[in-house]
Amino acid sequence: MTVALLPPGFEALEPFVDAWAITGAASRARKRNDSAEAERLAFYEVAKELAPAALDYLDRKPLAEFDEGEKRLMNLMLSLAHVAPTVEALGPAEAQHARDREHLKITRASSDLYA
């Protein structure tokens with residue numbers, strides 16, 4: 001029997017858990033910088049479709065009460081927030097922006113408070 005990594009209804013995101021269910025804004029930013037365009041796009045295409053349902057699901061309880069699957073789902077949605085600008089706005093310019101972001105280090109963010 002396979003153990004579900006995410007809450008029911010979000011199975012399509014399970015292939016991305018290892019790569020994108022990352023704790024910490026700095027780690028998510030690093031993953032964005034280090035990932036290939038195809039990797040970001042594959043994650044984005046699946047996650048953007050499930051984002052409204054995921055956010056509705058996660059809003060049903062306080063962060064402090066999330067189980068491990070819900071924490072992974074939240075981290076996937078936070079990673080989507082890092083990836084979406086690369087797909088929606090930057091496109092081919094992402095490579096240059098990634099180099100420029102090396103000078104702007106994220107050390108912590110409000111999203112890290114619940115971790």
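The set of residues in segment 50-68 that are in a helix (DSSP H, G or I) and without any contact (Cβ under 8 Å) to a residue 24 or more places away in the chain comprises PRO52, LEU55, ASP56, LEU58, GLU65, GLU68.
Scanning segment 5-17 for residues that are at pLDDT below 95, under 20 Å from GLU70 (Cα atoms), in a loop (DSSP other than H, G, I, E, B) and under 12 Å from the mean Cα position of the chain (by Cα) turns up nothing.
Quick check on segment 1-14: of everything there that is without any contact (Cβ under 8 Å) to a residue 24 or more places away in the chain and of a type outside the set (A, V, I, L, M), which residue is farthest from TYR57 (Cα to Cα)?
Initial filter on segment 1-14 (without any contact (Cβ under 8 Å) to a residue 24 or more places away in the chain): 1-3, 8, 11, 14.
Retained after the next criterion (residues that are of a type outside the set (A, V, I, L, M)): 2, 8, 11, 14.
Numbers: THR2: 22, PRO8: 10, GLU11: 14, GLU14: 16 Å.
Residue satisfying both the conditions and the ranking: THR2.
Quickly run through segment 19-48 and pick out the residues that are among the charged types (D, E, K, R), within 21 Å of LYS71 (Cβ to Cβ) and at pLDDT 95 or above. Listed by number, the list holds a single entry, LYS48.
Give the residues of segment 27-61 that are among the small types (Gly, Ala, Ser) and loosely packed, with under 14 Cβ neighbours inside 10 Å, sorted by residue number. Selection gives ALA36, ALA38, ALA53.
Can you find even one residue in segment 34-44 that is assigned to a helix (DSSP H, G or I), within 15 Å of ALA12 (Cα to Cα) and either touching a Leu at 6+ places or on another chain (Cβ under 6 Å) or basic (Lys, Arg) (or both)? No, because not a single residue in segment 34-44 is assigned to a helix (DSSP H, G or I), within 15 Å of ALA12 (Cα to Cα) and either touching a Leu at 6+ places or on another chain (Cβ under 6 Å) or basic (Lys, Arg) (or both).
The values are calculated or read from the model by the stated rules, or taken from the named source; none is laboratory data. Computed from a prediction, not measured in an experiment: that's the story for all the values here. Every residue, glycine among them, receives a Cβ derived from its backbone with ideal geometry; neighbour counts consider all protein chains shown.
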